[in-house]
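Have a look at the structure below, then the notes.
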Amino acid sequence: MAEFLPAAITQLTEPESIELVRLIERSPISTPLLPEPITTAFVRQGTQTPNLVLLHGFDSSLLEFRRLFPRLAARYTTWAIDLLGFGFSDRPRQTNLTPDAIKTHLYYTWKSLIGEPMVLVAASMGGAAAIDFALTYPEAVHKLVLIDSAGFAAGPNISRFMIPPLGYLAAEFLRNPRVRRSVSFKAYYDPKFVTPDAELCGSLHLACDRWRETIISFTKSGGYNFLSDKISQITCPTLILWGENDQILGTKDAQRFAAKIAASQLVWVPECGHIPHLEKPQFTAEQILQFVGG
């Protein structure tokens, strides 16, 4: 086990979780954000181009791709990267966590590690980050896959509480295991997926240094509330995958994405909630592989 990972990672029990943890590495990424490089966590596997890069959702980590990652890496070079301020990447004390900082860090990570047009595969808040990135750096994005993506929806209501001392209390509310379990049950269509292993995967990053401070910083920034009017500017081919039973974002935004992005196709994921990459990984992988190869 890599020394930067929380000790509780040894309690994982499901083979896909254990295998993805085994692949996690970190690299120092130089950016304009700080004089010092930002140590960034990622996994990489596969040899065939194009590169597929997976971006996780809010308050999450690359571990949410534990079931999708090996299915994609069997065909293409596949990466899962922890966004700035999330997962197992460093959380620099001197950096305010804003969408612009996340985008800048992702660009220099791409420039350092990949350096050629990629397929961004992004879920929930990661979808909003991917859209923002593709609009700013179109030369870096070959195709786009949005999985139950944020972008139209407003930021979390909890943002209004992110002022001292309420920010501490709001972050601790998000840390509460019962709150996180409740969100998990809402995210899945089939509750049997809410296993002890799944709950551990969703909470390991909470033990990382400065988790609370960065969650407060990002939420205070307003997140991606500015993005909805820009979505129609996306020009790269885009696959929209959406769980038919999404109780987190609902289903209306799927049609809105399809209407706004000219070069898009919408595929509904049957009997599935907000996280098709975890609940229907085989179906999700098949759709992505067909889209990338088409």
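Here, each number is a calculation from the coordinates, and none is a lab measurement. In this text the structure is predicted, and so the values were computed from the model without any measurement. Note that each Cβ is placed from the backbone with ideal geometry, even for glycine, and that neighbours are counted across all protein chains shown.
Which one of PHE152, SER89, VAL292 has its Cα pushed farthest toward the positive end of the charge dipole of the chain, where Lys and Arg give +1 and Asp and Glu give -1 at the Cβ?
Working it through, the farthest residue towards the positive pole turns out to be PHE152.
Most fluctuating residue of ASP229, ASP148, ASP209 in a GNM of the chain with Cα springs under 10 Å: which is it?
ASP229
Only counting other Cβ atoms within 10 Å, I'd like HIS205, HIS142 sorted with the fewest neighbours first. Could you put the intermediate results ahead of the total?
Values: HIS205 23, HIS142 19.
Ascending Cβ contact count within 10 Å gives the list HIS142, HIS205.
About the Cα centre of region 16-156, how large is the charge dipole given +1 on each Lys and Arg Cβ and -1 on each Asp and Glu Cβ? Please answer in debye to the nearest 20.
It works out to roughly 260 debye.
Pick out which of VAL53, VAL183, VAL269 has the largest mean-square fluctuation in a Gaussian network model of the chain, springs linking Cα atoms closer than 10 Å.
Result: VAL183 has the largest fluctuation of those listed.
Contact order normalised by length for the chain, with contacts defined as Cα pairs under 8 Å and 6 or more residues apart; what percent is it? Don't skip to the end; give the middle numbers.
Working: 575 pairs, mean separation 58.0, N = 294.
Relative contact order of the chain: 20 percent.
Along the charge dipole of the chain, which of PRO281, TYR108, ALA73 sits closest to the positive end, that is, farthest toward it, with unit charges on the beta carbon of Lys, Arg, Asp and Glu (+1, +1, -1, -1)?
It is TYR108.
What residues have an amide H closer than 5 Å to that of VAL269, excluding those fewer than 5 places away on the same chain, when H is modeled at 1.01 Å from N in the peptide plane?
TRP242, GLY243, GLU244
Once phi is turned into θ = phi - 60°, what whole-Hz ³J(HN,Hα) does the Karplus curve with 6.51, -1.76 and 1.60 give for every residue of region 20-33, x standing for Gly and Pro?
5, 4, 4, 8, 5, 9, 9, 9, x, 10, 7, 9, x, 5
Could you give the distance between the Cα centres of region 181-241 and region 56-75, to the whole Å?
So the two Cα centres are separated by 13 Å.
Would you pull out the residues with amide H under 5 Å of THR39's amide H, same chain only if 5 or more places away, H placed 1.01 Å from N?
When sequence neighbours closer than 5 places are left aside, the close amide H contacts are ILE29, ASP90.
Binning at 5 Å from 0, report for region 1-137 what percent of all alpha-carbon pair distances ends up in each bin.
Per 5 Å bin, starting at 0, the Cα pair percentages come out as 2, 10, 21, 24, 22, 13, 6, 2, 0.
Could you list which residues have their amide H under 5 Å from that of VAL141, counting only those 5 or more apart in sequence or on another chain, with H placed in the peptide plane?
Answer set, sorted by chain and number: MET118.
Hey, in the GNM for the chain with a 10 angstrom Cα cutoff, which one of ALA122, ALA101, ALA263 fluctuates hardest?
ALA263
What ranking do MET118, MET125 get, fewest neighbouring Cβ atoms within 10 angstrom at the top? The partial results should precede the final answer.
Numbers: MET118 20, MET125 27.
Starting with the residue having the fewest Cβ neighbours, the order is MET118, MET125.
Determine, for ARG256, ARG22, the number of other Cβ atoms within 10 Å of each Cβ, and report the residues in order from fewest to most.
Numbers: ARG256 15, ARG22 10.
Fewest-to-most Cβ neighbours within 10 Å comes out as ARG22, ARG256.
How long are the three semi-axes of the equivalent ellipsoid for the chain, computed from the Cα gyration tensor as the root of 5 times each eigenvalue, in whole Å, largest first? Intermediate results must be reported in sequence, preceding the final value.
Details: eigenvalues 122, 94, 90 Å².
Semi-axes, largest first: 25, 22, 21 Å.
Can you tally the lysine pairs in the chain where the Cα-Cα distance is under 25 Å and the two residues are eight or more apart, or on different chains?
20
Could you give the dipole magnitude of the chain about its Cα centre, charging the beta-carbon of Lys and Arg +1 and that of Asp and Glu -1, in debye to the nearest 20?
Values: 27 positive and 28 negative charges, 72 e Å.
Roughly 340 debye, rounded to the nearest 20.
Along region 104-118, what does the Karplus equation 6.51 cos²θ - 1.76 cosθ + 1.60 (θ = phi - 60°) give for ³J(HN,Hα), rounded to whole Hz, x for Gly and Pro?
Once rounded to whole Hz, the list reads 5, 4, 5, 4, 6, 5, 4, 4, 7, 9, 10, x, 9, x, 10.
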